[in-house]
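The values are calculated or read from the model by the stated rules, or taken from the named source; none is laboratory data. Since the structure is predicted, the reported quantities are computational estimates derived from the model, not experimental observations. Accessible surface is based on the protein model in full, side chains and every heavy atom, while ligands, DNA and RNA are left aside. Shrake-Rupley method; radii C 1.70, N 1.55, O 1.52, S 1.80 Å.
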Amino acid sequence: TPTKGHEQKDTPGFTPTKGHEQKDTPGFEAPEVEEKDTPGFEAPEVEEKDTPGFTPTKGHEQKDTPGFEAPEVEAKESKIGKRKKGEVRGEKSKREALERMAKAKEELERRKKRKKPELQVKEEDKDSEAEEINTADLLAKITYQVSLDDLERKLGIQVVPEDRMKLDLQLAKKMREPAILALLEGAEKEGVTLAILPRLPRCIRAGQLFKVTGANMVRSYPQFFDNVQQVVLKLRTESFFLQESPELDWAIFSCEVLPDSRNKNYVQQKQVLKQHAQRYQSNELRVRRRNLIETIYDLIIIKLVHDQNLLSETVDLTESKIGRQNLAFINFGEDGIRISDIARQQTHAQLGVCPSW
């Protein structure tokens, strides 16, 4: 067994394994042989000598051989390989170009999106200004107007922020309703006096939540009632007086009863109310009779803000029932607000209905 570094002589019939250094043997070309595992033998790395007729394979380091020039590895690449690399580079360039275009398009879309809200805000501002002008023109047709600021200032209260937000949205919406537009035009021609105010079911008063009920309004503003003791005794057991509150909304109502509803009983007044709604392109579900707490609230608010006594010439028959059959009626007399009840079938020259929109 040859040891490491042992130099072999030319031995007939012996084929040297890869790694052995060969002498100049004319016509002999050493084939590449797969190395076998030879126990105890480790093939050294051998520096190749100049061997005529021997073509060095890739990876062999060549000495200076006259007439022989070892090309660089890249120069040995086949035309197919070059073409494939060129195609790969071309595809890569295309991908990069497409990516750049996609990024540019995304950036353009982002810019458009940034501009779009700005334009929308500008358009909304214009629409808002137009709405405010239009709303102001329409409100000018209403004789008695009450704002949220008026309520806070005159009543010494604070509107619940959530309620204020809702009411702000409701006012603009209400003033766009075709029925309201028709009402404001028609009422002005017919000489019907209207009032508008925000009805609150609650508010903050003296740092505490105040629930708007008939009982609390009478207790808070006794100076506006003709006979407080009589009112309390009459209504002390009625749930609508103790618990009922106005619905959060902007209310438009007539300051006096409809002329056509006077001298008519409850059922006949109901028919007049229906005709009134149809006249202004609405229906009896949209235009209704007030209940007692709404009427008490409306009278007190207009008195506080405008110092006017509504229902001073007529009497409003409300939807609130006192006892088993009678209905509550209300008016503003010389000594203050008066509340009593009457049978549905009865009529009176001053008794009628005030529509609430």
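Semi-axes, largest first, in whole Å: what does sqrt of 5 times each Cα gyration tensor eigenvalue give for region 165-244? Semi-axis lengths for region 165-244 are 32, 19, 11 Å.
Spatially, region 283-357 and region 231-277 are offset by 5 Å when compared through their Cα centroids. Counting protein heavy atoms only, region 296-357 has 36 percent of its accessible area on carbon and sulfur, 1.4 angstrom probe.
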